[in-house]
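Step one of this worksheet: look at the structure below.
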Amino acid sequence: MKQLNKWQTIVFLAAGALMVIGAGCFSLMFHQEVACWVFAAGALMFVAMQAEQRYDGPDITIRRLRRILLFAGFLFLLSAALMVDTVHHYMMPWFDNIETYIQYAYNKWVITLLAAAIIEVYATHRLSHEIAKQNANHNKPHE
């Protein structure tokens, strides 16, 4: 699996920090109109750097886990869009009335963020295990 260079790693870690700060401030209702954009910027950078980590090898399990991580990235971006919508109500015109909007869109970023975080933790853990297993098999002397 392709490793990130030094600058990409810094951006990746900074993006994760921005996501945590943005979600935390938003949850604590501290400057929500800014916190939603901080989270969105972090999510964009995080997903972009995660997409840079490509895998071109033959292992189907690692390829599947990479696709799962890309889905988690999509959920992070969806969370960012829903968080921004919670503050600015951009999606409200798409719904017939305010009750429908509240039922389907308002504050639903929490659900997508939780799903993305759980998927990310699972896939990252499994991916590191599979790569270690692949490296162990690759470095084993042939008899």
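Quick notes
- Condition check for Tyr90: closer than 30 Å to His138 by Cα, open to solvent by 80 Å² or more (accessible area, probe 1.4 Å) and either in contact with a Lys or Arg (Cβ under 6 Å, 6 or more places away or on another chain) or of a type in the set (Ser, Thr, Tyr) (or both): no
- Qualifying residue in segment 77-90 (condition: within 23 Å of Glu52 (Cβ to Cβ) and not aliphatic (A, V, I, L, M)): yes
- From the options Ala72, Ala105, residue that is open to solvent by less than 80 Å² (accessible area, probe 1.4 Å), in contact with a helix residue (DSSP H, G or I) (Cβ under 7 Å, 6 or more places away or on another chain) and without any contact (Cβ under 8 Å) to a residue 24 or more places away in the chain: Ala105
- Met1 meets all of the listed conditions (1) touching a Ser or Thr at 6+ places or on another chain (Cβ under 9 Å); (2) not in a helix (DSSP H, G or I) but one, namely (1).
A quick yes/no check of all residues on (1) within 11 Å of the chain's Cα centre (by Cα); (2) within 15 Å of Leu70 (Cα to Cα); (3) basic (Lys, Arg):
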site	(1), (2), (3)
Leu18	no, no, no
Gly22	no, no, no
Ser27	no, no, no
His31	no, no, no
Val34	no, no, no
Ala43	yes, yes, no
Gln50	yes, yes, no
Gln53	no, yes, no
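- Any helices (runs of 4 or more DSSP H) falling wholly within segment 34-143 and containing at least 2 residues that are modelled with pLDDT of 85 or more, among the polar types (S, T, N, Q) and within 21 Å of Ala17 (Cβ to Cβ): 109-139
The values are calculated or read from the model by the stated rules, or taken from the named source; none is laboratory data. The model shown is predicted, which means the values in this text are computed figures rather than measured ones. We place every Cβ from the backbone using ideal geometry, glycine too, and count neighbours over all the protein chains shown. Note: accessible area is taken over every heavy atom of the protein model, side chains too, but ligands, DNA and RNA are not part of it. Shrake-Rupley method; radii C 1.70, N 1.55, O 1.52, S 1.80 Å.
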